[in-house]
Every structure is written in C-alpha cells, then in structure tokens.
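Below is one structure; the comments refer to it alone.
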Amino acid sequence: MPDSLYDLKTKVDHFKEKLENVAHLSWLGLSKDLSIGMSQPFWHKKSSPRKMEAHHRRVYERFMKFTKVHVSDEVRLELRKQSFDNWQWDDPEMLILLRQMYIDLNLISKLNIDINVLHEWLYEVYRNYNVVPFHNFKHCFMVAQMMYGLTWLIDLPSKLDTLEIFTLLTSAICHDLDHPGYNNAYQINAKTELALRYNDISPLENHHCAVAFDILKKDKWNITKDFTRDQFKRFRDGMIRCILATDMAKHNEILNSFKTIIPHFDFNDKEHKSVLMMVLMKVSDISNEARPLSVAMPWLDCLLTEFFNQLMMILIKVADISNEARPIAVAEPWLECLLQEFFNQSDLEKLEGLPVAPFMDREKVSKSSSQIGFIKFVLLPLFETVGKLFPQLEGAIIEPVRDALAYYTEMQRALEEEKAKKDSLSESVEGDKNGLLPAKANNIEDKEQAIKQSINHLEEKEQTNKQSFLGNNLSLTHNNSSNLRHGSLCKLTSKNSIEIDKSTS
Ligand SMILES: Nc1nc2c(ncn2[C@@H]2O[C@@H]3COP(=O)(O)O[C@H]3[C@H]2O)c(=O)[nH]1
Ligand SMILES: [Zn+2]
C-alpha cells in the first residue's frame, strides 16, 4: 500500500476510534438521534445502536487477558454483597466477574462446562446488549450480581439443584438481551416487527429469550453442549419461565400466585418437617439425573417442582428491580439511566403521535415521584413477600429499600415546599396585575415600574429558591444519605483488584 494511502487509512481509523469513544455521550443526552434504529428494525445489524466492532475487539482482548489472572478473595467476597458497586468496574472486568460467579458456584465443575466456551459465550452475550441508557450490559451484570448475592444469602445451593442454580444465573445474564430501549407498550402501540412476531404477548421478553437460545445454537458459544437431553429440557423450560416472568405486565399474577403457595413452604419453621424432608430429598439429587423422589412420590415431586419454579421466577424479578436496595451512590445513577430511557421513549412517542405513559413523561415525572410510587406499590410488596420466606432479606435488601423510600419522600417534601413558595410569589404578582398595586402607582408608568420591580423581586427570590433546592438535594445526597440510606458504599481498596492477586498469573 502506498505511504500516502496508508497515512490516510490511519487517519480514518483514528477518527473512527474517536467517534466510538464519544458514543457513550448519547447516554447523557448530549447527542440525540431519534432516527437511530427507526427506519429499519433495531435488530438489523446496520441500524443497531450496538457498540462498534473495534470497541468490541478491545473488550474481548482485555477480557481474554484477564482470564489468565486470579480474582482476589477480597473481590470475590465483595461480589456476593448487595452493596456491590458496578460503577467501579469496566466491561471486560465485569465479564471476568460473571465468569467468577460460575466458578465459585461450582457450576463449571459440576455441569462439565468448557471454560473456553464459557468465555466465548459471555463475550457473545455482551455483544448482544445494546448501547441504551438502562437496559444495557451493565444492567444485565447487576441483575446477575444480585441473583448471585441472593444465592449465597439465602443459601440456594441447599434448596435448589445445580442445574436450577445454573438456570437462574444464566437467565439473569440473558434476561434483557438485545433490548432496544423502548418497552413493550411502545412495541405494541408502534406495531413493531417484534410485537407482530409475538402477537403483542411479552414481545420483548420473548425476544430476549429467543436471542439467548439463538446464541446457544453455535457450538463455540454453547455452554450447554455437554448437557443430557433431560438437563437441556429442564434448563430451557426454566430459562423461558424465568425470562418471561420479568415482564412487569405479569407482576401481580406472579406475586399473588406466589403468596398462595408460601404458607406451605416455611424454611424457617424447624417443625416444618415435611418441607425439610422434601427439600432434602430434592437436593440429594445432585446429579440432575432421574429423581428418586419422582418415582417414590410423584405428586410430591410435582408440588415441589411447582414451588421451586415459582421461587425462581420471584427471585429473578427481585433481582431485576433491585437497584433501590443498593447504596445511594450505586442506585441513583441507575435511576438517572432509567429516566433517560423513559424520556427517550416518551419523546419519540410524542413525535410519532403514540400514547405516552405519565411515568415516562419528562413533563410529569421527577426522581422522587417516580421512586415513591414504585417503591410503595411494587418493590416493597414484592420484597416483603419474599422476606416472609427468607428473613435474611430484611437487613440485606428490605431495610435499604425502606431507607430509599424515606430518602425520596424527603426529597419530594422539599420539592413541594419550594413549589408552594414559588406559587405564593406568583400569586402576589397576579394580584398586582389585577389592580392591587400600591395606591401611588396610579398612572401607567408608575404601574409598569411597580410591575417590573415585582418581577425583579420574584426573579431574585426564584434564584435563591433554586439555590436552596439544589443545596437541599446536595445535602440529602452527601450528608443525610448515610442517615437516610443504608450502609456506606464499600469501596474496594484497589479498583483493579482483579489484579490484586496475580500469584497464579
Ligand atoms: N420507577 C422505577 N421503575 C423501575 C425501577 N427499576 C425497575 N423499574 C421498572 O421495572 C421494570 C422491570 O422490567 P423492565 O426492565 O422492562 O423495566 C423496568 C422499569 O420500568 C426503579 O428503580 N424505579
Ligand atoms: Zn431487566
């Protein structure tokens, strides 16, 4: 290649790389292109908002490099906590942490998974998450991390078999694959190809699950390739059930059904011998092969299977919407991402003349109003129900959510107070307009002058109010957060502590 051509090519590559590096700015709303993915289906390769290949390659290379280093005990322990801070880790590091979850739960050894296939599969999953504000790879990581933390907290390995634990973790990782950043309501109202394909029935969740199994079709990504036919069937049924359960349209149905089944399964009641016996019989079935129980007592096996199926669905739901159980420094950026995605959708719906949900409308929603309703009516009822079965959840995720509710209630009160002040100031100006100016302002110039003074006064007041509200917010975030929100954020001593222990590298 001639030198001049080579120079030109290098410049173009350099420019391309620069462009890729600022792609994330669209997350912050700094650049907005509503046409992205709209003229063609979003899953079409060319119009997909996925990160570009060069960036992917760099992630792949770093991920592969990290697979040769040892994840320190400090990080492995941190990874089990509900306070885990994803914002400290980049994508290749998160891939390594996902890999570590499979290792530490003994899934690799017990299910005979080829570790190299696991690497390739994880990377392919990563590539199939889109660059959208909320439903992206980091969200997939956080849901998987919460599921992993819960697995240790409620000691799932003593209740579920290995294949079920594998199914739960894998479902969490795959549950939002190829999410376009526009929800089911949009898909249905806009009559997208997804809504048409799935007849308006959970179009997104059906799609996430279909993409997951599409990835598993290829040998090099098939982490289930050594499963028996029965194992694969149980895994597939479980994945479909778990991923479809994340459709919030099914929330009440799933929660109510779970509530009716709970009284029969009390893990805390030591006298509840029948359940303990059933659980013991079930987990003795480590090999995931034919169950002795199903031969001895088929009806009991059915009952138990139904219960554990429902438990798995509830657990993935808990993990999916658990951001508010995290420390504020972790949770608040997630809320901003979610609202950004909501606003992107409602902006587009307004543009296309489609119905707009009030909770997504930037004119109608605030951080506090959004969270108060969500926590009161969705999060707490779900968490408290599961808490009845597993009291360990109280301190770990229920209490933090109650703190979050107090935090947002306080934020809402401050907002309303400011609004009331503003309204009363506006009223005084309105009064003037209605001829209630001081008696001396009886000619036109005097009246104009008085109105101008009132407006100046109002503007000054508004400025002070704005500052005090910002101050309020800041103090809520920085000072009161430790009172209102649970436990301080556990920062790792070294961000890259993946590399802390390189003894085996
Ligand atoms: N308001 C609010 N909604 C949430 C929060 N976390 C999850 N959700 C909603 O719960 C939904 C769960 O399913 P989706 O991922 O489709 O979309 C999610 C959001 O719409 C939260 O912290 N606040
Ligand atoms: Zn999700």
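Under 18 Å from a point 7 Å along the Cα-to-Cβ line of Q392: which residues of the stretch 68-97 have their amide N that close?
Residues 76-84 fall inside that zone.
So what does W221 come to for accessible area, using a 1.4 Å probe and Å² rounded to 10?
For W221, solvent-accessible area is about 40 Å².
How many Å³ per residue does the convex hull of the Cα positions in the stretch 57-118 occupy?
Here the figure is 86 Å³ per residue.
How many nm separate the modelled label positions at L300 and V378, each set 7 Å beyond the Cα in the direction of the Cβ?
About 4.0 nm, to one decimal.
At most 16 other Cβ atoms within 10 Å and a DSSP loop assignment: could you name the trypsin sites (Lys or Arg not before Pro) in the stretch 363-401 that fit?
Sparse-neighbourhood loop trypsin sites (Lys or Arg not before Pro): K364.
Which translational diffusion coefficient, to the nearest whole µm²/s, is obtained for the stretch 321-438 from the Stokes-Einstein equation, given a Kirkwood hydrodynamic radius over C-alpha pairs, 4 °C and 1.567 mPa s?
My calculation gives 77 µm²/s for D.
Can you pick out the pairs among K159/K191; K350/K422; K65/K191; K65/K388; K250/K350; K220/K259 whose Cα atoms lie more than 32 Å from each other?
With Cα atoms farther than 32 Å apart: K159/K191; K65/K191; K65/K388; K220/K259.
Considering only the other residues whose Cβ falls under 13 Å of the Cβ of K350, what net charge follows from Lys and Arg at +1 and Asp and Glu at -1?
Result for the neighbourhood of K350: -3.
With a 1.4 Å probe and all protein chains kept in place, how do D361, D230 rank by accessible area, largest first?
Solvent-accessible surface, decreasing: D230, D361.
Report the label-to-label distance for A190 and Q88 in nanometres (one decimal), using points 7 Å from each Cα along the Cα→Cβ vector.
Using points 7 Å along Cα→Cβ, the separation is 3.8 nm.
R0 = 56 Å: FRET efficiency of D230 with E427, Cβ-based, nearest 0.05?
Numbers: r = 73 Å, r/R0 = 1.30.
So, using R0 = 56 Å, E works out to roughly 0.15.
Could you tell me what a quarter of the Cα convex hull surface of the stretch 158-216 works out to, in nm² with one decimal place?
The directionally averaged projection comes out at 4.8 nm².
Quick one: dipole size for the stretch 152-202, taken about the Cα centre, charges +1 on Lys/Arg Cβ and -1 on Asp/Glu Cβ, in debye to the nearest 20.
160 debye
For the stretch 126-179, what is Rg from Cα atoms divided by 2.2 N^0.38 Å, rounded to two decimals?
1.23
Multiply the residue gap between D200 and K364 by 0.36 nm, knock off their C-alpha separation, and tell me the result in nm, one decimal place.
Stretched fully, the D200-K364 segment lengthens by 56.3 nm.
Which trypsin sites (Lys or Arg not before Pro) in the stretch 166-237 sit in a loop by DSSP (not H, G, I, E or B) and have at most 15 other Cβ atoms within 10 Å of their own Cβ?
Answer in residue order: K191, K217, K218, K225.
The values are calculated or read from the model by the stated rules, or taken from the named source; none is laboratory data. Keep in mind it's a predicted model, so treat the numbers as computed, not measured. Positions of Cβ are backbone-derived with ideal geometry, glycine not excepted, and every protein chain shown enters the neighbour counts. In case anyone asks, the SASA skips ligands and DNA or RNA and just uses the protein heavy atoms, side chains included. Shrake-Rupley method; radii C 1.70, N 1.55, O 1.52, S 1.80 Å.
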